[in-house]
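Just below is one structure, and these are the notes that go with it.
The values are calculated or read from the model by the stated rules, or taken from the named source; none is laboratory data. All figures in this text were calculated on a predicted structure; none of them were measured in a lab. Positions of Cβ are generated from backbone atoms using ideal geometry, with glycine treated the same way; all protein chains shown enter the neighbour counts. SASA here: full protein model, heavy atoms, side chains in, ligands and nucleic acids out. Shrake-Rupley method; radii C 1.70, N 1.55, O 1.52, S 1.80 Å.
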Amino acid sequence: MSALVPLRSDLAALEGYHSPQVATPVRLNTNESPFPPPETWRDDLAAEIERIEFNRYPDRGAAELRGALAELHGVGAEEVFCANGSNEVLQCLLLGFGGPGRRALLFEPTYALHSHIARLTGTAVVAGGRGPDFRIDAAEAESRLAATRPEITFVCSPNNPTGAAERPEVVARIADAAPGLVVVDEAYGQFARTSALELRGPDRPGLVVVRTFSKTWAMAACRLGYLVADPAVVAGCEAVALPYHLSAFSQAAGVLALRYRREMEARVAAVAEERGRVSAALVDLAVEWWPSDANFILFRPTGREAGAVWQGLLEAGVLVRDCSSWDGLAGCLRVTVGTPAENDRFLEALGRSLGAAR
Ligand SMILES: *Cc1c(COP(=O)(O)O)cnc(C)c1O
């Protein structure tokens, strides 16, 4: 006989992480790049796929990709670990260094996957707060660290969904006070002026920087992310990752992408310029909004209920993220910066949805 088994009881209360995938003309809800990678990258990849030996397992150590990333960041290949999206990187960190009896500290509101994956791995989650501008208060963080003694502390910078990057002094103070790993999620790192990569050193062996190809590299479909950390952290992640987890296809896509760094930086600059334009336009609308160092903007309609505004935007063909039910984000929506035409459409629809005459 066989029988159905209920889901693990500690998971039953967890809602899955679902960003609705609605087929709508303007999708500004998941912070993807609005621009595709270069046409020539596609051609390179097509040629590379011709060379893949599909009957063979891929390079288990992803040596070429790690080597290329190590070169990009001026570190050793033994300090780089790659996985299927930075989400799998986070999962490996939590499997290896979190787990039952261990704690992860994070500062809400922040990227939902940090607490979600922590719970999936049986890691206890301790949530600190943020200041009124959604930045981490270094003194509060230090007292949280002293009280919690977490094995892992998550810092998301720039922070999703609120947008601001943490000041390097704040990240440094957290790294100096933390008794365990400090994982700085820099999914939007290339939009910010500073990086925790610059804070790494022998006096901060537990500082881990996580990045992804999903946003600035315009490769969300590839599912590729990585971390830069002490070789012991890399070894821990390798110990828990499934063998051959990273396909030959993903490895090739990443290696080739790194040859188009200038194009990536040009995309980032174009999005940052559009972010400035959208932010400036929000000033004239009935919304409160927060300055962003990333490719999205958090805003709160002041005269109308967020759900109604979200629905109004959707009816106009524009999908944004409804964050209004998230802790600390009552009434808030988040819009990804798109192409100039998408942003125009968003601003026009928002104006109408807010009931403002434009
Ligand atoms: C989008 C995002 C990621 C990306 O996850 P992938 O698995 O690499 O696609 C990671 N962290 C944050 C904060 C994000 O916003």
Hey, for a label at Val240 modelled as a point 7 Å past Cα toward Cβ, could you say which residues of the range 200-220 have their backbone N under 20 Å away?
205-212
Prolate/oblate/rounded call for the range 170-257, Cα gyration tensor, a/c under 1.5 rounded:
oblate
Heavy-atom surface of the range 208-351, accessible at 1.4 Å and reported per residue (Å²):
37 Å²
May I ask which residue of Phe54, Ala104, Leu93 lies farthest towards the positive end of the charge dipole of the range 29-106, with charges of +1 (Lys, Arg) and -1 (Asp, Glu) on Cβ and the Cα centre as origin?
Ala104
State to the nearest 20 debye the size of the charge dipole of the range 231-316 about its Cα centre, where the only charges are +1 on K and R beta carbons and -1 on D and E beta carbons.
240 debye
What size of dipole, in debye to the nearest 20, comes out for the chain about its Cα centre when the only charges are +1 on Lys and Arg C-beta atoms and -1 on Asp and Glu C-beta atoms?
440 debye
So how long is each side of the range 79-152 along the principal axes, counting just the alpha-carbon atoms, biggest first, in Å?
34, 26, 25
Counting only DSSP beta bridges with both residues in the chain, what percent are antiparallel, rounded to the nearest 5?
45 percent
For Thr40 and Arg60 in the same chain, what is the full-extension length gain: residue separation times 0.36 nm, less their Cα-Cα distance, in nm?
4.5 nm
How far apart, in nanometres, would the label points at Ala272 and Glu53 be if each is projected 7 angstrom from Cα along the Cα-to-Cβ direction?
4.4 nm
Under 19 Å from a label point 7 Å along Cα→Cβ of Glu78: give me every residue in the range 194-230 with its amide N that close.
200-209, 227-230
The range 3-148, Cα convex hull volume normalised per residue, Å³:
252 Å³
Net charge, Arg103 excluded, C-beta distance under 13 Å - Lys, Arg +1, Asp, Glu -1
+3
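So how strong a dipole does the range 1-159 carry about its Cα centre when Lys and Arg Cβ are +1 and Asp and Glu Cβ are -1, to the nearest 20 debye?
Magnitude of the dipole: close to 720 debye.
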At a threshold of 8 angstrom on Cα-Cα distance, excluding pairs fewer than six apart, so keeping six or more, what relative contact order does the range 187-326 reach in percent?
18 percent
Cβ-Cβ cut-off under 10 Å around Ala248, Lys and Arg +1, Asp and Glu -1: the net charge is -1
Prolate/oblate/rounded call for the range 303-358, Cα gyration tensor, a/c under 1.5 rounded
oblate
Hey, quick one: spin label on Ala127, modelled 7 Å out along Cα-Cβ, who in the range 73-106 has an amide N within reach, i.e. under 12 Å?
106
Summed side-chain charge close to Arg135 - residues other than Arg135 whose Cβ falls under 14 Å, Lys, Arg +1, Asp, Glu -1
-4
Using only helices, what value at 222 nm comes out for the chain when you add -39,500 (n - 2.57) per DSSP H run of length 4 or more and divide by the total residues, to the nearest 500 deg cm²/dmol?
-11500 deg cm²/dmol
At 1.4 Å probe size, with the rest of the protein present, what percent of the exposed accessible area of the chain is carbon and sulfur atoms?
51 percent
Between Glu71 and Asp284, Cβ-based FRET efficiency (R0 45 Å, step 0.05) works out to 0.50
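Counting only heavy atoms of protein chains, what accessible area per residue, in Å², does the range 1-95 have with a probe of 1.4 Å?
65 Å²
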Based on Cα positions only, what radius of gyration and what Dmax would you give for the chain, in angstroms?
20.7, 67
Rounded to whole angstroms and listed largest first, the alpha-carbon spread of the range 52-91 along its three principal axes comes to 34, 23, 13
Normalised contact order of the range 277-358, rounded percent, pairs of Cα under 8 Å and 6 or more residues apart
30 percent
Not counting ligands, DNA or RNA, and with a 1.4 Å probe, what is Cys156's accessible surface area in Å² rounded to the nearest 10?
0 Å²
Gyration tensor verdict on the range 189-232 (Cα atoms; rounded if a/c is under 1.5, prolate if a/b is larger than b/c, oblate otherwise)
oblate
Using 0.36 nm times the number of residues separating Arg193 and Ala220, minus their current alpha carbon distance, what extension gain do you get?
7.4 nm
In terms of modelled amide H atoms, which long-range or inter-chain residues lie less than 5 Å from the amide H of Trp289?
Arg300
What's the Cα-based Rg to Rh of the range 153-220, Rh via Kirkwood?
0.97
